[in-house]
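Worksheet for the structure shown next.
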Amino acid sequence: MTIAIYRSKTWFHLKAHFMQELAVDIRIEKTSKSRLSEIDLKNPNFGRDFTDHMFIADYENGKWGDFRIIPYDDFKLSPATSAIHYGQSIFEGLKAFRNVKNEEEVLIFRPDENAKRLNASAERMCMPSFPEEIFLQALRELVDLDRDWVPNVPDSSLYLRPFMFATDAFLGLRPSEKYTFAIIMSPAGAYYSGAVKVKIEKKYSRTCQGGTGFAKVAGNYAASMLPALEAQKQGYDQLLWTDSSEHAYIEESGTMNVMFQIDDTIVTAPTMPEEDTILRSITRLSVLELLQDWGVKIEERRIPITEIIEAQKNGSLKDAFGVGTAVTIAPISTIGDEKEGDLELPNWEERELSQKVKKHMQGIQKGEIEDTKNWVFKV
Ligand code: PLP
Ligand code: COI
């Protein structure tokens, strides 16, 4: 299998653009009192504290406008806000890191990919696309303004959350005519504290073919909460979702795509355009590119649950791990199956390949390892 590695004209344009050009004028209103001194940046909590500023843009009469960075604050919304009732709401997640070789510099990992995926989600949800240049400019200006909020302890980052939602104050069922796009930022530590226990889900479905699984849609996460909570009550951290028609193939987990190492081969489920039920993880794309460079055999294909159970039993299942922005590389310690019980994996600290992948990914993200792939955007 080969992974198409190419840089489109658009990518060169966007990267050059990120460095120097302004797509639009962004009005900046600075806070009169920073909250930074109230935050413990040595122990950042994922998603609880937010930086001093946020970016906002509004869509009305067929175009985006009023681009602004303002002090972080509550939104004022009509009770009839369309997103609340009918769920036109999408988001992205990406991270910024302090460059370990130059503390003044902040590195954002592959924001151009998030800009593209946001628009793939928008298209599926009948929402307007947001210009990629403005997405990148807004990120750059916002990160620059709140750069002192980027934590500097191991496993930490500034988590960036772009999102878009429908704002029509109208209860008729139709796509909204008005939208808000915003970016908020939160200092973050590790999402999971150790290896994760996952349960193979065979009763509920996260999505289905023809549904919204490939898109980063708020409703996908809402639908997964009850099943995840039931699994947590049974002692698991997360689910391994299976296909909705047979519950026979492993798709992905609640916050990450998954990879299995069977003997020397990495096996992972396909994403768009082959499969529309799985989020096209940017971490997954990056890990596959690294593995390919290292000459590791990769199989992107449907993964029967029976194959994983069999591999665990005969000792060929050497590793299983999740890949995602929030979780980075999350080793899986246990796979729970309703018939087979808990299948245990080898001690994760001794799994060479996923440890190497994690170190390498983090090394590139933090500027320790040379970014030969041009993944990192500097602020
Ligand atoms: N799958 C789901 C359902 C997710 O929520 C995430 C997190 O974004 C991922 C996979 C990983 O995607 P990425 O690596 O782009 O963060
Ligand atoms: C991310 O990794 O960015 C995610 O969106 C996961 C989130 C649901 C916590």
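The values are calculated or read from the model by the stated rules, or taken from the named source; none is laboratory data. Please read these numbers as outputs of a predicted model, since none were measured by experiment. Cβ atoms come from the backbone with ideal geometry, glycine included; neighbour counts cover every protein chain shown.
Miscellaneous remarks
- Evaluated against (1) more than 15 Å from ligand 1 (Cβ to nearest atom); (2) more than 21 Å from the chain's Cα centre (by Cα); (3) surrounded by fewer than 19 Cβ atoms within 10 Å (Cβ to Cβ), G194 falls short on exactly one condition, (2).
- Any chance R284 is touching a strand residue (DSSP E or B) at 6+ places or on another chain (Cβ under 6 Å) and farther than 23 Å from T242 by Cα: no
- Scanning the range 121-161 for residues that are surrounded by fewer than 20 Cβ atoms within 10 Å (Cβ to Cβ) and within 15 Å of ligand 2 (Cβ to nearest atom) gives D155, R161.
- Put simply, of V258, V217 the only residue that is under 12 Å from G322 (Cβ atoms) and within 15 Å of ligand 2 (Cβ to nearest atom) is V258.
- Residue that is surrounded by the most Cβ atoms within 10 Å (Cβ to Cβ) [pool: residues in the range 319-337 that are among the hydrophobic types (A, V, I, L, M, F, W, C) and near ligand 2 (Cβ under 10 Å from one of its atoms)]: V323
- Extreme residue, nearest to ligand 1 (Cβ to nearest atom), among residues of the range 306-348 that are part of a loop (DSSP other than H, G, I, E, B) and farther than 16 Å from Q234 by Cβ: T325
- Any chance D66 is more than 16 Å from ligand 2 (Cβ to nearest atom), under 25 Å from M125 (Cβ atoms) and part of a loop (DSSP other than H, G, I, E, B): no
- For the range 73-121, taking the residues that are within 16 Å of ligand 1 (Cβ to nearest atom), under 21 Å from A169 (Cα atoms) and hydrophobic (A, V, I, L, M, F, W, C), the one that is nearest to the chain's Cα centre (by Cα) is identified as F91.
- Evaluation of M185 against (1) over 18 Å from I309 (Cβ atoms); (2) surrounded by fewer than 18 Cβ atoms within 10 Å (Cβ to Cβ); (3) modelled with pLDDT of 95 or more (one fails), failing number: (2)
- Looking only at the range 269-293, and only at residues there that are more than 8 Å from ligand 1 (Cβ to nearest atom), in contact (Cβ under 8 Å) with a residue 40 or more places away in the chain and assigned to a loop (DSSP other than H, G, I, E, B), the one that is surrounded by the most Cβ atoms within 10 Å (Cβ to Cβ): T277
- For the criterion of being surrounded by 11 or more Cβ atoms within 10 Å (Cβ to Cβ), modelled with pLDDT of 95 or more and either not in a strand (DSSP E or B) or not assigned by TED's automatic domain parsing to the domain that holds I184 (or both), T10 fails.
- Qualifying positions in the range 229-255 - more than 15 Å from ligand 2 (Cβ to nearest atom) and among the small types (G, A, S): A231, G235, S244, S245, A248
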